[in-house]
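Colleague: First, the structure itself, so that you have it in front of you.
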């Protein structure tokens, strides 16, 4: 499951893959919104991995 944390690294490592202006999204070139999208994707993936590896005794008691 921790391998999911390598996805942002791989997705942003090779700059020529996303170094162009089209397609634009709300007037922003692809180069910018692609990187911004990875911010949210990385946060989501980090949360998923955290939830998967969190120890059972860390859960809040009701």
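Laboratory data are not the source of any read-out in this text; all were calculated from the coordinates shown. Quick caveat, the model's predicted, so the values are computed rather than measured. As a convention, Cβ positions derive from the backbone with ideal geometry for all residues, glycine included, and neighbour counts pool all protein chains shown.
Colleague: If each residue's Cβ is checked for other Cβ atoms within 10 Å, how do 4, 25 rank with the fewest at the top?
Modeller: With the fewest neighbours first, 4, 25 line up as 25, 4.
Colleague: Once you have the Cα-Cα distance between residue 48 and residue 3, take 0.36 nm times their residue separation minus that, and quote the gain in nm to one decimal.
Modeller: 15.1 nm
Colleague: Helix 30-53 against the longest principal axis of the chain: what's the angle in degrees, Cα atoms only, rounded to the nearest 10?
Modeller: Tilt relative to the chain: about 10 degrees.
Colleague: Take the alpha carbon gyration tensor of region 2-54, find the square roots of its eigenvalues, order them as a ≥ b ≥ c, and report rounded if a/c is under 1.5; if not, report prolate when a/b exceeds b/c, else oblate.
Modeller: Verdict is oblate for region 2-54.
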